[in-house]
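The values are calculated or read from the model by the stated rules, or taken from the named source; none is laboratory data. Bear in mind that the values here come from a model prediction, so they are computed numbers and not experimental data. Here Cβ is always computed from backbone atoms with ideal geometry, including for glycine, and neighbour counts include all displayed protein chains. What goes into the accessible areas is simple: the full protein's heavy atoms, side chains included, and nothing from ligands, DNA or RNA. Shrake-Rupley method; radii C 1.70, N 1.55, O 1.52, S 1.80 Å.
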Amino acid sequence: MPQTPLAKEFEDHFRCFYRPLSMYALRYTEDLDDAEDIVQQAFADVWEKLSEGMRIGNFKAYMYQTVRNRSLNLVAARPEHGKEEMPDTEEECSEEDRILRSERDARLWTAIDRLPTERKKIFLLSKRDGLTYQEIAEELGLSVKTVEHQISKALKTLRETALRLYAFFFLH
């Protein structure tokens, strides 16, 4: 069955904004599952509103505001968090900076996801999980030199991705 223009546009928005919005929510919730739940529910609610005929002038701004509000509500409702532990919305970083950081983080994770499977696994064990090269080598049955080589290649790829992004955004 062919997609309606509304469904196609919504799918495009979902593909474009899901990961950055999840990174944004994660800055507030500090829990990836909660962040993804918030973003998924926000998209579901927006789809319902759009299906009912609501018009959204600036989809990106609307979604970031929705996700921000939902994230703050979730954090405030947690029994283990008092008001003094709520994320400070007026801290050194502006809302625009938070959005830009979330979008940058999403691009980085997309680049990491594109690494070859074994290289990605080794890279994440090192950078995300904090394992030493020796620990990674033992866990995966590799030589330390292989681990070093794979980390080096991963970092080179990510640097090249960062340079391409920089050139795209700032040199055009």
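Figures for the structure shown
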{"item": "Within region 28-48, considering residues that are open to solvent by less than 80 Å² (accessible area, probe 1.4 Å) and among the aromatic types (F, W, Y), the one nearest to R98 (Cα to Cα)", "result": "Y28"}
{"item": "Matching option when the condition is modelled with pLDDT under 85 and part of a loop (DSSP other than H, G, I, E, B), among T89, T110", "result": "T89"}
{"item": "Among (1) surrounded by 15 or more Cβ atoms within 10 Å (Cβ to Cβ); (2) in contact (Cβ under 8 Å) with a residue 40 or more places away in the chain; (3) over 20 Å from W109 (Cβ atoms) - the single one A25 does not satisfy", "result": "(3)"}
{"item": "Among residues of region 141-163, those that are touching a Lys or Arg at 6+ places or on another chain (Cβ under 8 Å) and loosely packed, with under 15 Cβ neighbours inside 10 Å, counted", "result": "0"}
{"item": "Selection from region 28-70 of residues that are in contact (Cβ under 8 Å) with a residue 40 or more places away in the chain and more than 23 Å from C93 (Cβ to Cβ)", "result": "L50, S51, F59"}
{"item": "Selected residue (only one of R55, R101, R68 is at pLDDT 85 or above, of a type outside the set (V, I, T) and open to solvent by 60 Å² or more (accessible area, probe 1.4 Å))", "result": "R55"}
